[in-house]
Structure formats: C-alpha cells, structure tokens
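J.: Would you mind keeping the following structure in view while I ask a few things?
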Amino acid sequence: MENKTLDLFMVAQIKTAQIKTNHTNNAQTSQPKPNSIDSKAASNSAKLATKNTPLVTPIKGNIQVFIAPHRNLYVDIIAQALRSAGQGTQVLLVQLFQSGINQGLNNPRRLVENFEWLRCDAQRDLANPEIDLTDEEKAAVLELWDYAKIAIKSARVGLVVLDEANLLVTRSLVTEAELLSVLEMRSPKVNIVLTGSSMPTSIYDYADQVTHRRN
C-alpha cells in the first residue's frame, strides 16, 4: 500500500514538472522574433554615424594676448605680422581706437604685400576714458569690428591683430561673451593676437599664450 502511494506521488510530480516545462517552452516560443529589416536599418545607422564622426579634431590657430600698461603696438608684434605677410600669409591689423584723417574701412594702409592695416575714421583719440563716444564714433569702431569678425570666421586671412581689443568691452560696445564667442568660432586656420592694458577674465583664461609687459 505504501509503495503504491509513493508511486502515485512520483507520477504526480513528474506530470507537474512536464506541465511547467511545456509552459516555459511555449512562452519562449511566443516571443516575437526581431525584425530583420529593423536590425539591418539600425546597423546601417550605426555605420553611418561612425563614418560621419571625424577621427581627428582639427587644431585651431593660436590666441595670443599681450597686456601692457601703456598704449603701444610693440615692435615685436609688428615684426611678427610682417614676417607672416612676407611668408605669404594674409595679415589683418585693426587698431580699433586709433584714429586719423582719411582712415577707416575704405582707406586701408598697406606696408607690404599681404598686409592690411586699418585704423578708425575719427578726429580724436577714442581710447580716452574721459570722453563719451558719439554715435558716429561708435559706428566707426563697430564697422572695423564687424569687418574683423568676418575675417576671423571666414579664414580670409591667416593672422588677425586686434589692437586695444579690451576697450570694446570697457567702452560697452561689445559684451565680453560676444568677444569670447568670436574667438571660439574662429576658423581653424586663423591665428589671433589681442593687445590691451587689461583683458576680460574669460579672454585671458581662453588664450593659448598671455604675455605681460612691464613698460
């Protein structure tokens, strides 16, 4: 009697196990198979993304900052610009607040070939902190600034020198954020030199090289 009861118990366990196994197999079988078309499309998208991702990030030109207590366009900066022009590089020197008669965008000075030198078309010293700029004077400065921005972004020139660039911010003609943005968006082929008696903090930190002059 005991053996018969044990046999029945074992048969019941086996049947229960078989039912569970069949249920699991059915559940696995009912899972949808991946769509081969979707898989192929995903694979192609991944390949395309990899193909469009540059393997090497282009190296941008250098940003140099020269800070000096006096308003001087130092000889070595001019020498650097002349040397670059002599080697075939297009050079743009913009003295935003240095003025003179018959100056401005329509009257550039050319020391040598490949060298364009611009000064502001105004009748007085625009860097003087004791004077307020007229609307006409502001427009003359910003005209040169807009011209320099185009040159920096388009790689029309290989070297841009912005003399007294700090005064753009000091005199509230350009925000510090805008000045920084122009430097960040420069063409990889353009090197930039900025001079001034001081320099906004973000520009100072962003520059590749900063030189302080004592005199």
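J.: In this structure, does S154 turn out to be touching a Cys at 6+ places or on another chain (Cβ under 6 Å) and modelled with pLDDT under 95?
T.: no
J.: Right, next: Could you name every one of the helices (runs of 4 or more DSSP H) located completely within the range 106-205 that has at least 3 residues being open to solvent by less than 50 Å² (accessible area, probe 1.4 Å) and in contact (Cβ under 8 Å) with a residue 40 or more places away in the chain?
T.: Filter on the range 106-205 gives 135-154.
J.: From the list L82, L133, L126, L118, exactly one residue is at pLDDT 85 or above and farther than 20 Å from L194 by Cα. Which is it?
T.: Only one candidate passes the filter, namely L133.
The values are calculated or read from the model by the stated rules, or taken from the named source; none is laboratory data. Remember, it's a predicted structure, so these values are computed and weren't measured experimentally. For neighbour counting, all protein chains shown are included, and Cβ atoms are generated from backbone atoms with ideal geometry for every residue, glycine included. In case anyone asks, the SASA skips ligands and DNA or RNA and just uses the protein heavy atoms, side chains included. Shrake-Rupley method; radii C 1.70, N 1.55, O 1.52, S 1.80 Å.
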